[in-house]
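Trainee: Before I ask anything, here is the structure I am working with.
Please treat every number below as a calculation from the coordinates, not as lab data. Owing to the predicted nature of the structure, the values given are computational and were not obtained by experimental measurement. FYI the Cβ positions are ideal-geometry reconstructions off the backbone, even for glycines, and counts take in every protein chain you see.
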């Protein structure tokens, strides 16, 4: 039994069905969602044909070790930044056999926010091995940890679909 809302499952089902039919594989790199994107995708039967792997990189050390995020990037821009999301998605794509990857880093709350980087700020990046790239900065607001994380899953799945159709 899935714990994901129906709209997220519908997005995931569409990705699994479409990507499996075309032999496309996906990798995820997740910080604030803690594996929920990969979880939504793998809730769908047949996902083993599409999901190559998922990286859960909650700490800066994990981002550096598993995805190749540069220490200088983290020091200069912080973990929750466009620059970090772009390095995360690049690392996920090139440390996998995937055709597309998506990466997310953000502040789900309830704490951890600041004036410059408030609770609900999430940077997402999706990249295709063929070169396509999408970045989105989302400001969901202080709507609660679970809602920020689920909204991030929705956006990430939407980005995979958009990138694949580009």
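Trainee: Give the dimensionless ratio obtained when the Cα radius of gyration of region 101-166 is divided by 2.2 N^0.38 Å. Intermediate results must be reported in sequence, preceding the final value.
Mentor: Values: Rg = 12.5 Å, N = 66, 2.2 N^0.38 = 10.8 Å.
Computed over Cα atoms of region 101-166, the ratio equals 1.16.
Trainee: When a footprinting reagent is the concern and you count Cβ atoms within 10 Å, what order do 83, 65 take, fewest first? If you can, show how the numbers build up before the last one.
Mentor: Numbers: 83 18, 65 12.
By the 10 Å Cβ count, ascending, the order reads 65, 83.
Trainee: Sticking with this one: Would you list 51, 102, 56 from fewest to most Cβ contacts within 10 Å?
Mentor: Details: 51 22, 102 32, 56 16.
The most exposed by this proxy come first: 56, 51, 102.
Trainee: On to the next question. Roughly what % of DSSP beta bridges within region 6-152 run antiparallel, to the nearest 5?
Mentor: Details: 14 of 24 bridges.
The antiparallel fraction comes to roughly 60 percent.
Trainee: So, one more: Starting with the fewest neighbours, write out 115, 28, 57 ranked by other beta-carbon atoms found within 10 Å of each beta-carbon. Numbers along the way, then the final one.
Mentor: Numbers: 115 5, 28 30, 57 25.
With the sparsest Cβ surroundings first, the list reads 115, 57, 28.
Trainee: Further question: Work out Dmax and Rg for the chain from the C-alpha atoms and quote the Rg first, both in angstrom.
Mentor: My reading of the Cα-based Rg and Dmax gives 14.7, 45 Å.
Trainee: List the relative contact order of the chain as a percent without decimals, with contacts defined as Cα pairs under 8 Å and 6+ residues apart.
Mentor: Values: 343 pairs, mean separation 36.4, N = 166.
It rounds to 22 percent for the chain.
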